[in-house]
Amino acid sequence: MVRRPVAWVVAIVLFVEAIGIAALNWFMGVVVDRQDMSLAGLDPHVMSTSSKVGGIVFGLYFALCGVVALLVALRDRAPAGFGRVLLISAAVVHGLLGAFAWGLLGVPQFLFMVVVLALIVLLLMTYDARQRPARTPQDGKGDAGGSPAARPATAPQPVTPPAAPTTP
């Protein structure tokens, strides 16, 4: 039974994006190589090779992020350590790519990047809510044990701090 489908969706989207990014950069490298034109004196072979290598690196990066999301989906547990850092970095990359897409490509590409960003953040936040430790009382006395009904009622703490004193 699938309990949290967002992890599966993120994994699938990241795998498709990895293939798409690698294929797009490979195609751009082939186009540059066949045109045999120079841009500001750069060697066309170097430009095509760097485009292909960049596509492979970014494709592997997104595929690795997809593997982390897939492991989260299979284990039904929050990502920890390197996997969490990797997903956070993927969210940051999608935010930056979304900003560039808005200015250079258009609204549909921007919306795609924002949706992927939202999915990654949703993946990180849904598993984080379940993992939070229980709150300890602020008075530092600890838990007296027993049921919550047996504990004495305390006045609720103010949400905002008191106003700062002013000088005359």
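The values are calculated or read from the model by the stated rules, or taken from the named source; none is laboratory data. Since the structure is predicted, the reported quantities are computational estimates derived from the model, not experimental observations. With ideal geometry, Cβ positions are generated from the backbone for all residues, glycine too; neighbour counts draw on all protein chains shown. When the accessible area is computed, the model is the full protein with side chains, heavy atoms only, and any ligands, DNA or RNA have been set aside. Shrake-Rupley method; radii C 1.70, N 1.55, O 1.52, S 1.80 Å.
Quick notes on this one:
- Debye, to nearest 20: dipole size of the stretch 44-135, +1 on Lys, Arg Cβ, -1 on Asp, Glu Cβ: 320
- Of the listed residues Trp102, Trp8, Trp26, the order by accessible area with a 1.4 Å probe, largest first, is Trp102, Trp26, Trp8.
- Sorting Ile12, Ile120, Ile56 by solvent-accessible area of protein heavy atoms yields Ile12, Ile56, Ile120, largest first, with a 1.4 Å probe.
- Applied to the stretch 103-109, the Karplus parametrisation 6.51 cos²θ - 1.76 cosθ + 1.60 on θ = phi - 60° returns per-residue 3J(HN,Hα) values of x, 9, 10, x, 5, x, 5 Hz, with x for Gly and Pro.
- Met47 - accessible surface, heavy atoms, 1.4 Å probe, Å² rounded to 10: 40
- Over all distinct Cα-Cα pairs of the stretch 1-97, the Kirkwood formula returns a hydrodynamic radius of 14.8 Å.
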